[in-house]
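Heads up: the structure comes next, in structure tokens.
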Ligand code: GUN
């Protein structure tokens, strides 16, 4: 079997086009959607991600504000900034790029974002709404994965999905979203025993480790005809690669390439969340999740 390559760039392009039209419609109503990003420190990968998010916003007409703060910025200073952004009516979405430096309490910071501006779905309130399947702002990478599945008519209902990641950005919220789609979900992590066997049992494998010295999804860890969603991003010999070995494509039915798979969807869903947040703040319901 040779896997169908899931074209995340193309699906993200469609989402982005829709967002762009929505931005124009909101601007006609006098609403200018805006996103504030907060980046602390000098992590190069994080800076690149934030830059990409800004560029994508510009392309659809979303206004951006960039708070790039020094590595030694304190938790208190950051709390004051979030408070200011929470109060600023011109700011519709707040994105705090993770990870934060170790001296900053990540939970304290993310949990004080106003839920209506929480375009990453990281606040306890929004994660609670997600658990009840009534969230309007869905987590970006998980909702990007779900959108790709819908586009390629990959229905996880009744399927065994194995997720190799337990983070609050990917594994935990994705497991909730897939449960709502009637999947049977196993969440694996660094302490999981028989991880290779767990992966082999999966109809759908979602892997998001991003460090090939710690985890690689090899061909012998994938069942014939399985769907492979590769969220990993690592750099090997100057090339961007995912968690899955290239020859996994010989066994899988569908696979997301890296780059060009899930990555563009994460950004597209952030744009979508920002216009949803902008519309909701002014009492406009866009029904962008009309199929939910
Ligand atoms: N770090 C890596 N990916 C993400 C993301 O989607 N959102 C935030 N806030 N931080 C990240």
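The values are calculated or read from the model by the stated rules, or taken from the named source; none is laboratory data. Because the structure is predicted, anything quoted here is derived from the model rather than measured. With ideal geometry, Cβ positions are generated from the backbone for all residues, glycine too; neighbour counts draw on all protein chains shown.
For the range 216-292, which fully contained strands (runs of 3 or more DSSP E) count at least 2 residues that are modelled with pLDDT of 95 or more and within 23 Å of residue 1 (Cα to Cα)?
227-230
Please enumerate the residues belonging to the range 68-84 that are closer than 27 Å to residue 272 by Cα, surrounded by fewer than 20 Cβ atoms within 10 Å (Cβ to Cβ) and either in contact (Cβ under 8 Å) with a residue 24 or more places away in the chain or in contact with a strand residue (DSSP E or B) (Cβ under 8 Å, 6 or more places away or on another chain) (or both).
Residues satisfying the conditions are 68, 69, 79, 81, 83.
May I ask you to list the residues in the range 85-99 that are over 12 Å from residue 50 (Cα atoms), in contact (Cβ under 8 Å) with a residue 60 or more places away in the chain and in contact with a strand residue (DSSP E or B) (Cβ under 8 Å, 6 or more places away or on another chain)?
Scanning the range 85-99 gives 92, 93.
Right, residue 166: under 23 Å from residue 269 (Cα atoms), surrounded by fewer than 21 Cβ atoms within 10 Å (Cβ to Cβ), modelled with pLDDT of 95 or more and in contact with a helix residue (DSSP H, G or I) (Cβ under 7 Å, 6 or more places away or on another chain) or not? Lay out the reasoning, then the answer.
On the way: under 23 Å from residue 269 (Cα atoms): yes; surrounded by fewer than 21 Cβ atoms within 10 Å (Cβ to Cβ): yes; modelled with pLDDT of 95 or more: yes; in contact with a helix residue (DSSP H, G or I) (Cβ under 7 Å, 6 or more places away or on another chain): yes.
Yes.
Among the candidates 237, 211, which residue alone is more than 16 Å from the ligand (Cβ to nearest atom) and surrounded by fewer than 19 Cβ atoms within 10 Å (Cβ to Cβ)?
237
Could you check, for the range 214-229, whether at least one of its residues is within 16 Å of the ligand (Cβ to nearest atom) and in contact with a helix residue (DSSP H, G or I) (Cβ under 6 Å, 6 or more places away or on another chain)?
Yes; the residues of the range 214-229 include at least one that is within 16 Å of the ligand (Cβ to nearest atom) and in contact with a helix residue (DSSP H, G or I) (Cβ under 6 Å, 6 or more places away or on another chain).
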